[in-house]
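Step one of this worksheet: look at the structure below.
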Amino acid sequence: MEIIREITNYQTNNKPLYLALGNFDGVHKGHKKLLSEAVKIAQDNNGFAAALIFDPHPNKVLNPDRNFKLITKNDKQAELLREIGIDILIYNSFNKEISQWIPEDFVKKVIISKLNAKHVFVGFNYSFGYKGQGTPELLKKLGDKYNFAVSIIPPVSQNNQVVSSSIIREMIENGQIKKAKNLLDYYPVVTGIVVEGDKRGGDKIGFPTANLKVDGDIIIPATGVYAAKAKHKGTLYNCVVNVGRKPTFHDNHPVTIEAHIIDFSTDIYGDGLEIIFLDKIRDEMKFADIDSLAKQISIDKDTAKRISSATKLG
């Protein structure tokens, strides 16, 4: 898959372009249906399947005070799109100027002038142009006017619930990992860099932890203790993860992510680490003393190892 930064760097070629439009945050089951349809029709017609994504997410530009969080970083998103079969991924900057374009301007400047798309694929609730005035139905009319086809992909439901990024964000924020997994089709992931913590885990409690510094734009699960897998340099390990404020030691501490990687003793400070959340074990608790905390962590470790060992990814 070719990744292009900025639409101005896209070079048209002699193959027709089949274009998927959307933010595709999380690349959930609904997104996969849309993207897979674009891939199939592109392959059937000897064309390229492409996805155009605005970066940063328009919500971060239009509503900067809302502290909007994403499900996936660009690298994870690109990995998922590659697996679906997208040939070309275009990340284009989003700014206030673009937000002022009326829907027809967007079509003329992007779909026609820059990409010359033959066929465009959007979800049932896709919006575009100034204040989201553009609807899928309007896009169809503009497609008729400017000679490109439009496919509107209906919603995908899971357990009588329409799959959407906003619902998945809410599930992750509430620690509902398995519910989020059912809509995503993969377990929620948080990536970051291992940094030094207070070193209390190994020195005083007996359970050394990798403290993860994560991108502030990415959503993290609710505070609590989780069974998880840790991926370090391509290798998966069982682990137990605490997301929380360390109430046993602090009255008011920022939320941190600490992973105790089971049967692992390598120094990984400064390394990248991927945490794949599998299930919530319990809420975060304040303990009377370190011994009580250590006993509970030992129980959590055994529970996490059992869950993680029994869970197959993919």
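The values are calculated or read from the model by the stated rules, or taken from the named source; none is laboratory data. None of the values given here were measured: they were computed from a predicted structure. So basically every Cβ, Gly included, is an ideal-geometry build from the backbone, and we count neighbours across all protein chains shown.
The test for being assigned to a strand (DSSP E or B), within 25 Å of the chain's Cα centre (by Cα) and either at pLDDT 95 or above or crowded, with 19+ Cβ neighbours inside 10 Å (or both) holds for LYS229.
In the range 188-207, is there at least one residue being surrounded by fewer than 17 Cβ atoms within 10 Å (Cβ to Cβ) and at pLDDT 90 or above? For the range 188-207, residues surrounded by fewer than 17 Cβ atoms within 10 Å (Cβ to Cβ) and at pLDDT 90 or above: present. Within the bounds of the range 246-253, is there any residue that is in contact with a helix residue (DSSP H, G or I) (Cβ under 7 Å, 6 or more places away or on another chain), of a type in the set (S, T, N, Q) and either in a helix (DSSP H, G or I) or on the phi < 0 side of the Ramachandran plot (or both)? Among the residues of the range 246-253, at least one is in contact with a helix residue (DSSP H, G or I) (Cβ under 7 Å, 6 or more places away or on another chain), of a type in the set (S, T, N, Q) and either in a helix (DSSP H, G or I) or on the phi < 0 side of the Ramachandran plot (or both), which makes the answer yes.
Considered as a group, the residues in the range 81-112 that are within 18 Å of the chain's Cα centre (by Cα) and touching a residue at least 60 places away in the same chain (Cβ under 8 Å) include one that is farthest from ASP185 (Cα to Cα), and that residue is ASN92. Looking only at the range 88-135, how many residues end up being assigned to a helix (DSSP H, G or I) and not aliphatic (A, V, I, L, M)? Result for the range 88-135: 14. Looking only at residues in the range 53-75 that are of a type in the set (A, V, I, L, M) and crowded, with 18+ Cβ neighbours inside 10 Å, which one is nearest to LEU89 (Cα to Cα)? Checked the range 53-75; the qualifying residue nearest to LEU89 (Cα to Cα) is ILE53.
Of all residues in the range 150-176, those satisfying the criterion of being in contact with a Lys or Arg (Cβ under 7 Å, 6 or more places away or on another chain), not β-branched (Val, Ile, Thr) and not in a helix (DSSP H, G or I) are GLN158, GLY175.
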